[in-house]
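Read-outs throughout are calculated quantities, based only on the coordinates presented, and are distinct from any laboratory measurement. What you see is a predicted model, and the numbers here were worked out from it, not measured in a lab. Cβ: placed from backbone, ideal geometry, glycine included. Neighbour counts: every protein chain shown.
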Amino acid sequence: MPPALNIVPFVSVDHMMRLVLAVGIERFLTELAGFIEEDFRRWSAFDKTPRIASHSPDGVIELMPTSDGTTYGFKYVNGHPKNVRAGRQTVAAFGVLADVGNGYPMLLTEMTILTALRTAATSALAGKYLAPPGARTMALIGNGAQAEFQALAFRALVGVDRLRLYDIDPAATEKCVRNLAGLGFDLRRCASVAAAVEGAEIVTTVTADRQNATILTDNLVGAGLHINGVGGDCPGKTELHPDVLLRCAIFVEYAPQSRIEGEIQQLPPDHPVTELWEVITGRAPGRRDAGQTTLFDSVGFAVEDFSALRYVREKLRTHPFYADLDLLADPDEPRDLFGMLLRAGAGPGRD
């Protein structure tokens, strides 16, 4: 990694794509899930706070910070569902990893692609603990930018190889089929949510509308199903009918944030939920039996982004896909910042 104090490794979108492809997408997802699981096992080490959100009629811009006392990380991320109509990403993000001891950044990276990967890795990690044993069939409701990542993560970590696809926009489903064709999945296009859910052992809802929607209703949810609710991630944006929630054992990342942003914003504030780290560490049970219906109410939490940043920094040691970014002032004398500025003005070729 760059030795100079003023230089910070910067991972661009192009660098990130090259890194992921060099590692292999499913290996990347599996290793990333391992880093997330490792950090969830030391949950108490982290500063935890609901993300800081600035809402507008058009969307939301958020900051997601955390620290384990040695390393600090944050992500800047937006959510603007209408962007797709203008040819822009619904979600765009970047992140920073820094040394708590001196405050200096150690990594600056794009996190639009990385967020898609960490979201899918977290979903599949939860599925490893909560899905029915041996589950192979998953319904994917919402076939937009996140769908393929979810499919590959669930295959890598859970063993899913049969996908039932539905989106209100048939073009999104065709895109998903095209991208996943030849990768070893049994792919079925479905004409409705009900058709997609039929025969599925896992249902992933990952829609983008910024509203309280009813993507999945109680009559569609059978005993023993695992629901991976990904699309609901801010106040006023949900996907599941409240009756579905009342039938499920509910698992979340960080309850204070999930009660604001997740599906459980529809329930009383004292409705019982279990945080995923408790299941991973054995403090609480996951799936109790084959007939239990489980829900992972996923909204995304800063510790997952910290894990992703930590993982990328580690991979750069053997896959150096980054640029040296001259980000920090580094004067010869730390107290002479003004002198550094003056000397720059007196350099060769300057009037």
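In the chain, taking the dipole from charged Cβ atoms about the Cα centre, the farthest positive-side position among ILE25, ALA181, VAL96 is held by ALA181. Fully extending the segment from ILE168 to ASN102, taken as 0.36 nm per residue of separation minus the present Cα-Cα distance, adds 18.8 nm. The Cβ shell under 13 Å around TRP277 holds other residues with a net charge of -3, Lys and Arg each +1, Asp and Glu each -1.
Note on ALA45 and ARG335: their simple-model spin labels are 3.7 nm apart, each label 7 Å out from Cα toward Cβ.
With angles folded into 0 to 90 degrees, how steeply does helix 112-130 sit against the dominant principal axis of the chain? Use alpha carbons for both and round to 10. The angle comes out near 40 degrees. Using the Cβ-Cβ distance between ASP289 and ALA4 with R0 = 56 Å, the FRET efficiency computed as 1/(1 + (r/R0)^6) comes to roughly 0.45.
For the chain, the Cβ-based charge dipole about the Cα centre amounts to some 640 debye (Lys, Arg positive; Asp, Glu negative; other atoms uncharged). For the chain, the longest principal axis of the C-alpha atoms and the axis of helix 25-40 are separated by about 80°.
3J(HN,Hα) couplings calculated from phi for segment 320-326 with the Karplus curve 6.51 cos²θ - 1.76 cosθ + 1.60 (θ = phi - 60°) are, in sequence order, x, 8, 7, 10, 7, 9, 7 Hz; Gly and Pro show x. Placing a label point 7 Å from the Cα of LEU328 along the Cα-to-Cβ direction, the residues of segment 102-137 whose backbone N falls under 19 Å from that point are 102-110. Using a ≥ b ≥ c from the Cα gyration tensor of segment 229-351 (square roots of the eigenvalues), is it rounded, prolate or oblate, where a/c under 1.5 gives rounded and otherwise the larger of a/b and b/c decides, a/b for prolate? It comes out prolate by the Cα gyration axes. Taking only Cα atoms, what is the 0 to 90° angle, nearest 10, from helix 170-180's long axis to the longest principal axis of the chain? With rounding to tens, the tilt is 70 degrees. Size estimate for the chain follows the Kirkwood approach: the inverse of mean 1/r over distinct Cα pairs works out to 21.2 Å.
Projected onto its three principal axes, the C-alpha set of segment 121-300 covers 44, 33, 27 Å, listed from the longest axis down.
How big is the shadow of the Cα convex hull of segment 16-166, averaged over all directions, in nm²? For segment 16-166, the mean projected area of the Cα convex hull comes to 10.5 nm².
Each Lys and Arg Cβ is given +1 and each Asp and Glu Cβ -1; about its Cα centre, segment 121-300 then shows a dipole of about 460 debye.
Divide the volume of the convex hull around the Cα atoms of segment 100-184 by the residue count and you get 127 Å³ per residue.
Among 22-31, 198-207, 321-330, the peptide with the highest mean count of other Cβ atoms within 10 Å heads the list, and the full ranking is 198-207, 22-31, 321-330.
Relative to the present Cα-Cα distance, how much length would full extension add between ILE52 and ASN219 at 0.36 nm per residue of separation? If you can, show how the numbers build up before the last one.
Values: separation 167, 0.36 × 167 = 60.12 nm, distance 3.61 nm.
Once the chain is fully extended between ILE52 and ASN219, it gains 56.5 nm.
Across all directions, the average flat footprint of the convex hull enclosing the Cα atoms of segment 213-288 is 5.0 nm².
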